[in-house]
Every structure is written in C-alpha cells, then in structure tokens.
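Below: the structure, in structure tokens.
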Amino acid sequence: MDQEFAKGLLERYAFLSSRDSADCLSYFCPTDNLVELASVLRDREGFEMLVDLTALDWGQENSPRFTTLYHFYSLALKTYLRIACDCPSNEEPEVPSLAAVYPAADWHEREVFDMFGITFAGHPNLKRILMWDEYPYHPLRKEFPLAGIETTLPAPDVAEVTEASVEPAPMMGGPFVSPAEGNVSESEPRAKDESWTEEVEKTL
Amino acid sequence: MSTEEIAYDSKVEGEIIVTRADAVVNWIRQHSVWPMPMGLACCAIELMATAASKFDISRFGMEVMRFSPRQADCMIVAGTVTYKMAEVVRRIYDQMGDPKWVVAMGACASTGGMYRSYAVLQGVDNIVPVDVYVSGCPPRPEALLDAMIKLQDKIGREPSVRNLRKTQETVSVA
C-alpha cells in the first residue's frame, strides 16, 4: 500500500521530491509549498495529526545548514509521513509556520525557534519557550558547547544579590554516555575522557 | 487579679525551670519545622514518599508542608534547578520569614548532578544558603529524614538570640 500511496503522492504534488528513509515515507518539500502541502495533507490525504516537529543543524560548513522536519500521522491509513524542508538561508533561516493549519505546531515551532534560531513566518506568538526571553544563544546549534556560554541570570536583581551568573558547566571529562552493549555493570554512563581519575588509563 | 496571686507562690516557683533563652527558642524551633516543598524534579516524588504513611515525616514534627513561603521556614529544594527557575527559587526563599533553612535534596540541587549543561544551575547554593546537602539520585526517604534530623541538630546549636540582630540586616529581593 505504501508504494502505491507514495507514487500517488508524488504524482499529485509535483513539488515533492523523495528523501532517503530507513522507516516511514519521507519527502523534501520546498518552503514555498509547505503550508499548501500541510493543508492538503490534513484535508484531503487524511493526515489528521502533526505528531512531531523538529529541526536539524547540519553544521556551519554545510549548505543548506538547517532543515525542519515534520512527522504527520494518519489514523485511517495507520502510517507516518515525514516531510523535510530545507531553510533557504543559512544565516537567517526562515520557514513558514504551520500553526494555522495544525495547532500542535504552535509550541513545537517555538521550541525549534528557541533551540535553533529558525524563524517561523506567520507564527502567532513566536518567542522562546524553554530558555528565558533574553537568552542570547540557540543551544542546539552545532557551534554551541554543551557546557554553555557565560551570560547573565534572567533576573538582574537576583543576580546582584546572589552574585550568581550563568556559567559553563564543569564537564569533568564528560559528556557522560553509556555504551549500548556489554555488561550492565560496565555500561553505566561514564566520561569518554577519564584522564581525571587515576584508576583508568587515558585512552585518548 | 489580686496582689496575692502575683506574690511569691511556692507552687509556681516550684515548677520554674531556669535555662538559657537559646535553648528554649531552639527547642521550640527544632520541633516544629514547617517545610516548603520546592519540588522541581523526581526528588519531589521521594519527598512525597517521605511525607506519606510509610516513612511519616510527622514523627519529627515536620508534616506541615506549606506551599506558601510565608508560612514555611525550611525550603526543601528537591530537584533540578534550571537557570530560568533560579530566579523563582531565590524569590520564594526571600519571601520566607526568618528564621529559615534550606535543604538541598539530591545530586541536582546540591551540585547540578548529572546535568552538566547550559541550562542547569550547578548547585542551589549559588543562589541561596544551604544548611544540609543530601546525596543520592534521588535520595531515599530515609536519607531525607536523616538530613532533617541533622537540620534539627543544627537548629539546636544556633545562637538564636544573637542571630535576631543579624537577620534584620539580611538583604532581600522579594
């Protein structure tokens, strides 16, 4: 069914182009056709749900650098559909908002805006959702270090009294990851670089 | 009231106990700690277990959990304090009346724990003075109870009368 359906989709919507996928159907969609596509997916193709909306940062050296990803689900067909949308600009990435078509997109787009700095044109309330409004960075971008970058606390009066600020977290040889295989006793999360402990020889 | 009643009365005099003001004040304080549950993550679940019947924090006179900082005197920071939340934690701390104490429950509240990340405050002691740290991720209810008993001991050792003067100078952002 999937193949017939996929063929039909490509025929009906010529602007789609296929995309490699290990699981569900996946297509590229140009930014200009995104809202139109979302509308017809919902109204004509039976994809009632926007299950997930996220983005990818391919790194500063790549172009297009940012891709937004949409996962739709059809309750009738019991199938997922993935749409990827490359952002035309690498410096000021912008894609149209789907919040008017799928209300579920509202907060997801705010999260993507917060974490990646991708603007969603036409979004009703595009402001940060996780970090505070004045936070100057977009933490899920490739160039942003996991430990964070020094900046000021959201509340100046609290910062003044406590003399606290946002500081890079001590990584202590981290990030701490657990190997997917091996004994449970050996697959506890641990630092890749354990040079700070004398018990383990430095491997790097 | 007649003058006879306020004169020397052997019955009353016989029941007078002479002590220090600190000892009385601390004795009262340490047996009626009113905790303010600052539940921010999974540690809050263990905090609830501590309050429930099996572990029963009321054995120590601390069962009166108050969600209003004005009515509490011990903030139990149970969970991950993000930078965004740090402001709120500090403001709630400032809204608590003196004397007040803070228990940092679990690894996150004590040091940031496993969250070596851009978003998480690396220890609540960066913004509020902490009296007792509890290790564990999350700590078991016994560990929290032990911490609360240690806090009682600490309250018992405080120079409360001398502190009265000091607390008036405390800076506040509430």
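We did not get these values from a lab; they are worked out from the coordinates using the rules stated. Computed from a predicted structure; not experimentally measured. When we count neighbours, we look across all protein chains shown, and the Cβ atoms used for this are built from the backbone with ideal geometry, even at glycine.
Summary table below
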{"read-out": "Charge-dipole axis of region A:145-195 as Lys and Arg at +1 and Asp and Glu at -1 on Cβ define it, positive-most pick from A:Leu146, A:Val166, A:Ser185", "value": "A:Ser185"}
{"read-out": "Cut-off of 10 Å, at most 12 other beta carbons, DSSP loop: longest stretch of chain A lacking such GluC sites (Glu not before Pro)", "value": "A:1-60"}
{"read-out": "Estimated FRET transfer efficiency when R0 is 35 angstrom, pair A:Asn33-A:Trp132 (beta carbons, to 0.05)", "value": "0.50"}
{"read-out": "Dipole axis of region A:8-101 (+1 Lys, Arg; -1 Asp, Glu on Cβ), positive-most option in A:Ala38, A:Leu9, A:Cys87", "value": "A:Leu9"}
{"read-out": "Lysine-lysine proximity count for chain B, Cα under 27 Å, sequence distance 8 or more or distinct chains", "value": "8"}
{"read-out": "Neighbour-limited loop hits for trypsin sites (Lys or Arg not before Pro), region B:19-91 (at most 15 other Cβ within 10 Å; DSSP other than H, G, I, E, B)", "value": "B:Arg20, B:Lys54, B:Arg66"}
{"read-out": "Crossing angle, helix A:34-43 versus chain A [Cα axis fit, 0-90 degrees, rounded to tens]", "value": "60 degrees"}
{"read-out": "Among A:Met171, A:Met131, A:Met115: highest mean-square fluctuation, GNM of chain A, C-alpha pairs under 10 Å", "value": "A:Met171"}
{"read-out": "Full-stretch length increase - B:Asp153, B:Trp27 - with 0.36 nm per residue and alpha-carbon distance subtracted", "value": "44.4 nm"}
{"read-out": "Distance-filtered residues of region A:18-51 - backbone nitrogen under 17 Å, label point 7 angstrom along A:Glu11 Cα→Cβ", "value": "A:18, A:45"}
{"read-out": "Dipole moment magnitude, nearest 20 debye, region A:145-195 about Cα centre, only Lys, Arg, Asp, Glu C-beta charged", "value": "180 debye"}
{"read-out": "For region B:97-111, Karplus couplings with θ = phi - 60° (6.51, -1.76, 1.60), whole Hz, Gly/Pro x", "value": "x, 6, x, 9, 10, 10, 10, 8, 9, x, 4, 5, 5, 6, 9"}
{"read-out": "Region A:20-67-region B:44-67 distance, computed between alpha-carbon centres (Å)", "value": "49 Å"}
{"read-out": "Residue with peak Gaussian network fluctuation, chain A [Cα springs, cutoff 10 Å], from A:Arg42, A:Arg82, A:Arg190", "value": "A:Arg190"}
{"read-out": "Label-point gap, in nm, between A:Glu4 and B:Ser135 - each point 7 angstrom along Cα→Cβ", "value": "6.5 nm"}
{"read-out": "Average beta carbon contacts from partner chains per residue of B:116-128, 10 Å cutoff", "value": "6"}
{"read-out": "Top positive-direction residue, dipole computed over chain B with Cβ charges, set B:Pro35, B:Ala104, B:Ala51", "value": "B:Ala104"}
{"read-out": "Inter-chain Cβ neighbour average for residues B:81-93, partner chain, 10 Å", "value": "5"}
{"read-out": "Mean separation of Cα contacts under 8 Å (6+ apart) over length of chain A, as relative contact order %", "value": "12 percent"}
{"read-out": "Helical mean residue ellipticity (222 nm; -39500 (n - 2.57) per DSSP H run of 4+; nearest 500) of chain B", "value": "-11500 deg cm²/dmol"}
{"read-out": "B:Phe55/A:Ala100 FRET efficiency (R0 35 Å; Cβ-Cβ; nearest 0.05)", "value": "0.10"}
{"read-out": "FRET efficiency estimate (nearest 0.05) - Cβ-Cβ, A:Glu92 to A:Arg44, R0 35 angstrom", "value": "0.60"}
{"read-out": "Fluctuation leader among A:Ile118, A:Ile149, A:Ile83 - chain A, Gaussian network, Cα springs under 10 angstrom", "value": "A:Ile149"}
